[in-house]
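The values are calculated or read from the model by the stated rules, or taken from the named source; none is laboratory data. Not measured: the values here are computed from a predicted model. Quick reminder, even Gly has a Cβ in these numbers, built from the backbone with ideal geometry, and neighbours come from all protein chains shown. For accessibility, only protein heavy atoms count, side chains too; no ligands or nucleic acids. Shrake-Rupley method; radii C 1.70, N 1.55, O 1.52, S 1.80 Å.
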Amino acid sequence: MSETATAGTRPREKAYDRFKHQLLSGELQPGEMVSLRELVRRLDLPLAAVREALSRLEGEGLVRVFAQRGIQVCSVDVTFMREAFQLRMILELEGIRALAERGDDAPLAALEQRFLALRARLAAPLPPEVVAEAIQLDLALHDRIIAALANAMVTTLYGQVRDRLMMVRRATLLPPGGLVHDTTEEHLAILAALRRRDAEDATLALRVHLAQSMRRQMGIR
């Protein structure tokens, strides 16, 4: 669990963090129903704190709360995936232009070198540590794109999108090897355009990458 929660963290924040961890780690599966009593037991927190956390999670579209029936984790269906990717596209296409025009070159150069080092390590079968590194680099690049907007509301909204995408990634269970090869090349194309300060090429490369990512997650070739 993301026990970034310290001893002074409020119970409702602990409940939110613990539920989110179970959701994103796969301990709670998409579409699964769980009773409020069972959830209180699993999170080991007071009922009031769990209720407050559920209200927040329902507002984020991750669960549905049914009176007298319990809590249902949202299903990862075509609509869930399409909405997450569409919102991601809107936010990141805005961010990529800002990054191309105003972003510091040094962090971009460092990211590019890390991706090049990753590419050199790609071989079949891929060791788990290489897949983990690829995921971390993926998150680092896309977080930097959003951070270029310097907008706290966008950052919060993007965090919710990223949670949905993590659920999609876990639910679709695509073989990681092919994804790492494909996405590494797509990320390098984005970074090359950013390093040239070419906003048009960076936007196009990002658009292609996000469209391909959605197609891969939906099983479309």
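Extension gain, residue 21 to residue 42, is 6.4 nm, computed as 0.36 nm per intervening residue step minus the present C-alpha separation. Using the Cβ of residue 36 as centre and a radius below 12 Å, the other residues enclosed give a net charge of +4, where K and R count +1 and D and E count -1. Rounded to the nearest 0.05, the FRET efficiency derived from the C-beta distance between residue 78 and residue 124 at R0 = 30 Å is 0.50.
With Cβ to Cβ distances under 13 Å as the rule, what net charge do the other residues near residue 97 carry (K, R +1; D, E -1)?
Values: positive: 102, 197, 207; negative: 92, 94, 101, 198, 200, 201.
Charge balance in the 13 Å sphere: -3.
Computed with a 1.4 Å probe over protein heavy atoms only, the accessible surface of the chain comes to 53 Å² per residue. Would you please give the FRET efficiency between residue 106 and residue 216, computed as 1/(1 + (r/R0)^6) with r the Cβ-Cβ distance and R0 = 22 Å, to the nearest 0.05? That pair, residue 106 with residue 216, gives E of 0.10. Rounded to the nearest 0.05, the FRET efficiency derived from the C-beta distance between residue 116 and residue 152 at R0 = 30 Å is 0.40.
Taking the Cα centre of the chain as origin, work out the dipole magnitude from +1 charges on Lys and Arg Cβ and -1 charges on Asp and Glu Cβ, in debye rounded to 20. Present the calculation step by step, with values, prior to reporting the outcome.
Values: 31 positive and 29 negative charges, 112 e Å.
For the chain, the charge dipole is close to 540 debye.
Starting from 0.36 nm per residue, how many nanometres of slack lie between residue 32 and residue 198 once their C-alpha separation is accounted for?
Values: separation 166, 0.36 × 166 = 59.76 nm, distance 4.54 nm.
Extending this stretch completely gives an extra 55.2 nm.
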